[in-house]
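Trainee: Below: one structure in structure tokens.
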Amino acid sequence: MQFVKILIVLPAGQPHKLEFGPIKMSFREAPLTATSLAALIPDDLKAEVKIVDESVSPVPFQEQFDLVGVSVLTGTSSRAYKIADIFRERNSKVVLGGVHVTLMPEEARQHADSIVIGFAEQTWPQLLNDFSQNRMKPVYRQQKIDLKNLPVPRRDLQKKLGYTVADTVFATRGCRGKCDFCSIVAAEFGWHTRPVRDVINEIKAIKSKRIAFNDVNLTDDPVYAKELFREMIPLKKIWGGLASTRVTEDDELIELLQKSGCRYLLLGFESIDNQMLRGINKGFNKFEKYSEVVRKLHGIGIIVQGCFILGMDGEDPGIFKRTLDAVHELKIDIPRYALFTPYPKSKPFQRMKAQGRILHEKWEYYDTQHVVILPDKMSPKQLDDGFKWIYKETFKLKNDFTRTLGSGKNFGISFIGNLAYKLYIKKLYQDLNRFPAEVLPGC
């Protein structure tokens, strides 16, 4: 086989990206996509590999590559297509994959020599072998999901600084929930688990004491989660991840979270209105139980990052003040807000498009931080103004201090985390392109 030069790119996601002059940082844990794809390159393929997360590093357009792989989210798809088009003009072969490609394969094919639909553990190595023999197909679709004996991600290729947590692992893939706003549900990724022993061996090999799980719902299967957490106890790691509010319903699971080293969890509270929660198929969330969820997690020293969605059907302009009051009363350590964003091919998108309530299909605005719909009880501008207002009010210094006092011994960490969000709020208010120009008159 001949020598191959490969570039793997994660296009910049605006909500995660922070810049301080020439220094780029990300508001998130290190992603696993690029390092995992690099690890899946067959050993017999003589390849020189470079990975780039554009949130923390520039894309090396000045270099020549034989093959360029780009992972595509809906919110980064416009940028991904631009990157792909530039490299194709320079005679590189370009492969596109990721959730947006799975949702919109025909669109993606216009910008690629080949696309990967669904997961890539089996298809990416096959594509590379085909490429090396000049027989790469236009479409690869993984039929069988096998997460056993996966190679260790190539963290040696990853930029060392620029993330909140540099060492990320995963134990599960997909989600068993049916939340209708979620791209995972729209892409029909299903639910899959890695063997616990594989996960533990990977964690053991990580030298850092701090790790993060990037699973969208690590505790979705409590039996699996308990087995994993028991095995993690001797490793003495400090970790965080994502879970649902149901995590506190099982006392044994709570105990194992603490013993295994969990220090923070991101929970999707989504709304303070039970009717709204039922409307998005997340009726297991109950607003009246939120205080107990937070209390139990604080009781075992876990910082709560709480996510709330704004702009759902039935919400009026009063939702911003009501949500703000609830966040402070609940003592959510680090709140996060998102705008209701119906991803392409999802049920909400299809429903709202039929109703004439999709403002546009400029995917770069589909990042949960821009209004892309016509709300039913307020104008798009009211929704956008309220979104910016609640962020600003939430992270006022006096509110940060009062709310994070509930963090107990984690007060310092929570307070600093709140201060970091002031950088994002400044960026939010400096964003002069909150809507595409052609939809402004209707706002």
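Trainee: When you check LYS160 against the structure, is it within 30 Å of TYR421 (Cβ to Cβ) and without any contact (Cβ under 8 Å) to a residue 24 or more places away in the chain, yes or no?
Mentor: Yes; evaluated as a whole, the condition is true for this residue.
Trainee: Could you tell me which of the residues ARG357, ARG403 is in the same structural domain as ALA187 (by TED's automatic domain parsing), touching a residue at least 12 places away in the same chain (Cβ under 8 Å) and within 27 Å of TYR163 (Cβ to Cβ)?
Mentor: That would be ARG403, the only listed residue that is in the same structural domain as ALA187 (by TED's automatic domain parsing), touching a residue at least 12 places away in the same chain (Cβ under 8 Å) and within 27 Å of TYR163 (Cβ to Cβ).
Trainee: To continue, here is another question. Identify, by number, the condition in (1) surrounded by fewer than 19 Cβ atoms within 10 Å (Cβ to Cβ); (2) over 13 Å from ARG434 (Cβ atoms) that TRP363 doesn't meet.
Mentor: Result: TRP363 fails condition (1) only.
Residue by residue, here is whether (1) in contact with a strand residue (DSSP E or B) (Cβ under 6 Å, 6 or more places away or on another chain); (2) within 16 Å of VAL304 (Cα to Cα); (3) charged (D, E, K, R) holds:
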{"residue": "PRO380", "(1), (2), (3)": "no, no, no"}
{"residue": "THR404", "(1), (2), (3)": "no, yes, no"}
{"residue": "GLY412", "(1), (2), (3)": "no, yes, no"}
{"residue": "PHE415", "(1), (2), (3)": "no, yes, no"}
{"residue": "LYS426", "(1), (2), (3)": "no, no, yes"}
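Trainee: Name every residue in region 280-293 that is free of Cβ contacts under 8 Å to residues at least 40 places away in the same chain and either assigned to a helix (DSSP H, G or I) or outside the structural domain of LYS178 (by TED's automatic domain parsing) (or both), in order of residue number.
Mentor: Of everything in region 280-293, those that are free of Cβ contacts under 8 Å to residues at least 40 places away in the same chain and either assigned to a helix (DSSP H, G or I) or outside the structural domain of LYS178 (by TED's automatic domain parsing) (or both) turn out to be PHE287, GLU288, SER291.
Each row is one residue, and each column tells you yes or no for (1) touching a helix residue (DSSP H, G or I) at 6+ places or on another chain (Cβ under 8 Å); (2) among the β-branched types (Val, Ile, Thr); (3) under 30 Å from ILE280 (Cβ atoms).
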position: GLY118; (1), (2), (3): yes, no, yes
position: PRO125; (1), (2), (3): no, no, no
position: PHE131; (1), (2), (3): no, no, no
position: GLN142; (1), (2), (3): yes, no, yes
position: LYS148; (1), (2), (3): yes, no, no
position: PRO153; (1), (2), (3): yes, no, no
position: GLY162; (1), (2), (3): no, no, no
position: SER183; (1), (2), (3): yes, no, yes
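Trainee: Here is a follow-up. Are any residues in region 121-153 surrounded by fewer than 22 Cβ atoms within 10 Å (Cβ to Cβ), in contact (Cβ under 8 Å) with a residue 60 or more places away in the chain and not assigned by TED's automatic domain parsing to the domain that holds PRO31, and if so, which ones?
Mentor: LEU150, PRO151, VAL152 - these are the residues of region 121-153 that are surrounded by fewer than 22 Cβ atoms within 10 Å (Cβ to Cβ), in contact (Cβ under 8 Å) with a residue 60 or more places away in the chain and not assigned by TED's automatic domain parsing to the domain that holds PRO31.
Trainee: Take the residues in region 417-440 that are part of a helix (DSSP H, G or I) and more than 22 Å from the chain's Cα centre (by Cα); name whichever of them is nearest to LEU359 (Cα to Cα).
Mentor: VAL439
Trainee: In the set ALA80, ALA84, which member is under 29 Å from TYR343 (Cβ atoms), free of Cβ contacts under 8 Å to residues at least 40 places away in the same chain and not basic (Lys, Arg)?
Mentor: Only one candidate passes the filter, namely ALA84.
Trainee: Next up: In this structure, does LEU277 turn out to be free of Cβ contacts under 8 Å to residues at least 12 places away in the same chain, assigned by TED's automatic domain parsing to the domain that holds TYR224 and surrounded by 14 or more Cβ atoms within 10 Å (Cβ to Cβ)?
Mentor: So LEU277 fits the description; yes.
Trainee: Just need a number here: residues in region 294-340 that are in a strand (DSSP E or B), β-branched (Val, Ile, Thr) and closer than 14 Å to ILE272 by Cβ.
Mentor: Of the residues in region 294-340, 1 are in a strand (DSSP E or B), β-branched (Val, Ile, Thr) and closer than 14 Å to ILE272 by Cβ.
Trainee: Six or more apart or on different chains, Cβ atoms under 7 Å: show the pairs whose first residue is in region 374-390 and within 18 Å of ASN433 (Cβ to Cβ) and whose second is in a helix (DSSP H, G or I) and not polar (S, T, N, Q).
Mentor: Short answer, once both residue conditions are applied: LYS388/LEU428; LYS388/TYR429.
Trainee: Just to be sure before I move on: is GLY174 surrounded by 15 or more Cβ atoms within 10 Å (Cβ to Cβ) and at positive phi in the structure I sent?
Mentor: When the stated conditions are applied, GLY174 passes them.
Trainee: For region 187-262, list the strands (runs of 3 or more DSSP E) that sit wholly inside it and hold at least 3 residues that are surrounded by 15 or more Cβ atoms within 10 Å (Cβ to Cβ) and in contact with a strand residue (DSSP E or B) (Cβ under 7 Å, 6 or more places away or on another chain); which are they?
Mentor: Of the strands (runs of 3 or more DSSP E) lying wholly inside region 187-262, those with at least 3 residues that are surrounded by 15 or more Cβ atoms within 10 Å (Cβ to Cβ) and in contact with a strand residue (DSSP E or B) (Cβ under 7 Å, 6 or more places away or on another chain) span 210-213, 238-243.
Residues are listed down the side, and each one gets a yes or a no for (1) at pLDDT 95 or above; (2) of a type in the set (Phe, Trp, Tyr); (3) closer than 21 Å to GLY408 by Cα:
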site: LEU267; (1), (2), (3): yes, no, yes
site: ARG278; (1), (2), (3): no, no, no
site: VAL293; (1), (2), (3): yes, no, yes
site: PHE320; (1), (2), (3): yes, yes, no
site: PRO335; (1), (2), (3): yes, no, yes
site: SER346; (1), (2), (3): no, no, no
site: ARG357; (1), (2), (3): yes, no, no
site: TRP363; (1), (2), (3): yes, yes, no
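Trainee: Further question on the same structure: List the residue pairs whose Cβ atoms are under 9 Å apart, where the first residue sits in region 108-120 and is on the phi > 0 side of the Ramachandran plot, the second is surrounded by fewer than 20 Cβ atoms within 10 Å (Cβ to Cβ) and of a type outside the set (Gly, Ala, Ser), and the two are 6 or more positions apart or on different chains.
Mentor: Short answer, once both residue conditions are applied: GLY118/ARG141; GLY118/GLN142; GLY118/GLN143; GLY118/ILE145; GLY118/GLU188; GLY118/PHE189.
Trainee: Quick one: ASP180 ticks every box in (1) acidic (Asp, Glu); (2) surrounded by 15 or more Cβ atoms within 10 Å (Cβ to Cβ); (3) modelled with pLDDT of 95 or more; (4) within 30 Å of ASP313 (Cβ to Cβ) bar one, so which box is it?
Mentor: Exception for ASP180: condition (3).
Trainee: Only one residue in PHE131, PHE170 is within 30 Å of LEU228 (Cβ to Cβ) and of a type in the set (Phe, Trp, Tyr). Which one?
Mentor: PHE170
Trainee: On the given criteria, is LEU256 within 16 Å of VAL169 (Cα to Cα), assigned by TED's automatic domain parsing to the domain that holds SER414, hydrophobic (A, V, I, L, M, F, W, C) and more than 24 Å from the chain's Cα centre (by Cα)?
Mentor: So LEU256 fails the test.
The values are calculated or read from the model by the stated rules, or taken from the named source; none is laboratory data. Remember, predicted model here, so these are calculated numbers, not experimental data. Please note: Cβ atoms are built from the backbone with ideal geometry, for glycine as well, and neighbour counts cover all protein chains shown.
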